[in-house]
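I have placed the structure first, in the form of C-alpha cells, so that the comments after it can refer back to it.
The values are calculated or read from the model by the stated rules, or taken from the named source; none is laboratory data. Since this is a predicted model, take the numbers as computed values, not measurements. With ideal geometry, Cβ positions are generated from the backbone for all residues, glycine too; neighbour counts draw on all protein chains shown.
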Amino acid sequence: MAGRNFLFVPGPTNIPDRILRSMMVASEDHRSPKFPELPRECFRGLKKLFKTEAGEVFIFPSSGTGAWESSLTNTLSPGDKVLAPRFGQFSHLWIDMMQRLGLDVQVLDVEWGEGAPLDQIEQALRADKAHAIKGVMIVHNETATGVTSDVAGVRRAMDAAAHPAMLYVDTVSSLGSLDFRFDEWRVDLAITGSQKGLMLPAGLGIVCASPRALLANRDATLRRVFFDFGDMQKANATGYFPYTPSLPLLYGLRESLGILFEEGLDNVFARHERLASGARAAVAAWNLSLCAKKPQWHSNTVSAIVVPTSFDAAKVIETAYRRYNLSLGAGLSKVAGKVFRIGHIGDLNELMLLGAIGGAEMAMADVGIPLRLGSGVAAAQAVWKQAVSTESRSSAVLHSVAA
Ligand code: PLP
C-alpha cells in the first residue's frame, strides 16, 4: 500500500528519523576503553527522566516484562505478601507474574476503567497491623483501558496508613510522556520499556531502584540470574555490562533522551495533554465514551474508545488497517471487541493525530457505526485551534509586558 502506515497503537510508537539514524551503527567492541561513555550518558539521562538523584538505574536487554520480573525477584522473597490493585490487562499480567513467582498477592479488584483505589489501598494497609505487606504495586498508566492512576495519591495513602511497604510503579506507558517523580513520590522501584515514550524499538527493560530497594536486594531470596541487580551493579560500576548489551538500542536511547530534553520535559507533557484533549473531543463528537470512567483517570497517552454494544471493535480495527493503512490498538482480554485504542504517545503532533482520528472515523462509518464524517476531526481541530489562540494571546501579553 502506498504511503506510510499510520502507527497509532500505544506502543511500539513511531521512531523519529534522528533515532533511526543513530541506531544505524556498525558492530563495535562492548569492552573497548571508549565504550563506558555511552552507558554513562544513558544512565545520567534516565535518572533525569525518572526525576531521581538517589535512585540507581538498571538497563536490561529485555522488554518491560523483564523489568517487572527484575524489580520483583531482586527485592522480594518467596511467600512475601504484596498489595496489588487490578484494573486492566497489564495490572492483571503483573499480578499473574507475582503469583507465578510465589508471592502472596492481595488483589484489590476494581472495575476496568477505574484507577488505583486510594481509599481501599489505605484501608488494606491500615488493616495490616503486622506490616506483612512488603510492596504496593501500581500501574501508573493502564494501557489497556487508557487510565492513569494517581501515584502521588498512592504515596499519600501509604503515608496516611504509616505503612513501610515499598512502592513499585509500572511506568511502561507513562515515562517520558506523563509527569513522573521518583524521588518526590518516594517510589522504590519504577520499571519501563523502550518502545513507548522513549520512541525506540522494544528491547530495553529499564528499572530504577531506590536506596531502600537496594537494601532489600541484600535479603531478597527469589531466584534470579539474568536479572540480578548485583551482577549489573558490579559491571555498571566500571561502565560495562555483565553480558553483551544491544549497542544500537543504547545509541538510540542516548538520542531519545537528547530529543526529550531538547523539547523540555514540561513541554513534552503539555504536548501529550494537548493531543489527548483533541482525541477526547473527537470521541465526544462521535457520541462515544471512553473506557476510563472519570476525567481524573483520563490518560494523555492512550484513549480506549468503547464502541456501541451491537458493534465489534475488532472489525473497526481490521477495516482501519486494511482500507486505510491505519494501525489502531486492539481491546485486550475483558474489553476485547468492546474497545479500540488510539495511542497518542511519543513522537507525534496534531496533524498526525488528525490522520488517525480521520481514519478511525471512516473505519467506524464503514462498519455501520452511526456518526457524522468529519465530526471527530472538526472537534479535535477546534480544541487545538483554541490552544494556539490561547498561546498567542499569552505570548502577546508577555511581549507587551516586556515592551
Ligand atoms: N506494562 C504496561 C503498562 C504495558 O503497556 C506493557 C506493554 O504494553 C507492559 C507492561 C509489558 O511490556 P512489554 O510488552 O514491553 O514486555
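Results, tabulated for the structure shown:
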{"quantity": "Residues of segment 288-324 that turn out to be out of contact with any strand residue (DSSP E or B) (no Cβ under 6 Å at 6 or more places or on another chain), under 15 Å from MET364 (Cα atoms) and in a loop (DSSP other than H, G, I, E, B), as a count", "calculated": "6"}
{"quantity": "ASP228 being away from the ligand (no atom under 14 Å from the Cβ), farther than 30 Å from PRO33 by Cα and in contact (Cβ under 8 Å) with a residue 24 or more places away in the chain", "calculated": "no"}
{"quantity": "Hits in segment 22-41 (condition: within 24 Å of the chain's Cα centre (by Cα) and either modelled with pLDDT under 95 or of a type in the set (Lys, Arg) (or both))", "calculated": "ARG40"}
{"quantity": "GLY368 vs. criteria assigned to a loop (DSSP other than H, G, I, E, B) and either under 18 Å from the mean Cα position of the chain (by Cα) or of a type outside the set (D, E, K, R) (or both)", "calculated": "yes"}
{"quantity": "Test: residue in segment 129-146 that is within 19 Å of ILE206 (Cα to Cα), in a loop (DSSP other than H, G, I, E, B) and within 16 Å of the ligand (Cβ to nearest atom)", "calculated": "yes"}
{"quantity": "Odd one out for GLY203 among (1) crowded, with 24+ Cβ neighbours inside 10 Å; (2) within 13 Å of the ligand (Cβ to nearest atom); (3) at positive phi", "calculated": "(1)"}
{"quantity": "Test set (1) away from the ligand (no atom under 15 Å from the Cβ); (2) surrounded by 24 or more Cβ atoms within 10 Å (Cβ to Cβ) - GLU56 fails condition number", "calculated": "(2)"}
{"quantity": "Qualifying positions in segment 30-54 - of a type in the set (Phe, Trp, Tyr) and under 18 Å from GLY176 (Cα atoms)", "calculated": "PHE43, PHE50"}
{"quantity": "From THR192, THR221, residue being of a type in the set (S, T, N, Q) and more than 13 Å from the chain's Cα centre (by Cα)", "calculated": "THR221"}
{"quantity": "All positions within segment 1-47 that are in contact with a Leu (Cβ under 9 Å, 6 or more places away or on another chain), closer than 28 Å to THR143 by Cα and assigned to a loop (DSSP other than H, G, I, E, B)", "calculated": "ASN5, VAL9, PRO12, THR13, ASN14, ILE15, MET23"}
{"quantity": "Any hit, segment 50-59, residues being in a loop (DSSP other than H, G, I, E, B), within 24 Å of MET137 (Cα to Cα), touching a residue at least 24 places away in the same chain (Cβ under 8 Å) and touching a helix residue (DSSP H, G or I) at 6+ places or on another chain (Cβ under 6 Å)", "calculated": "yes"}
{"quantity": "Residue satisfying all of: in segment 149-195; small (Gly, Ala, Ser) and within 16 Å of the ligand (Cβ to nearest atom); nearest to PRO211 (Cα to Cα) among these", "calculated": "ALA190"}
{"quantity": "Some residue of segment 273-296 being under 19 Å from SER194 (Cα atoms) and touching a residue at least 24 places away in the same chain (Cβ under 8 Å)", "calculated": "no"}
{"quantity": "Residue check, SER70 in a helix (DSSP H, G or I), touching a Gly at 6+ places or on another chain (Cβ under 8 Å) and either buried (at least 22 other Cβ atoms within 10 Å of the Cβ) or at negative phi (or both)", "calculated": "yes"}
{"quantity": "Criterion: under 30 Å from GLU263 (Cα atoms), among the hydroxyl-bearing types (Ser, Thr, Tyr) and surrounded by 13 or more Cβ atoms within 10 Å (Cβ to Cβ) - qualifying residue of SER392, SER375, SER327", "calculated": "SER327"}
{"quantity": "Lone unmet requirement of (1) out of contact with any strand residue (DSSP E or B) (no Cβ under 7 Å at 6 or more places or on another chain); (2) in a loop (DSSP other than H, G, I, E, B); (3) among the polar types (S, T, N, Q) for GLN233", "calculated": "(2)"}
{"quantity": "Residues of segment 66-99 classified as within 16 Å of the ligand (Cβ to nearest atom) and β-branched (Val, Ile, Thr), total", "calculated": "2"}
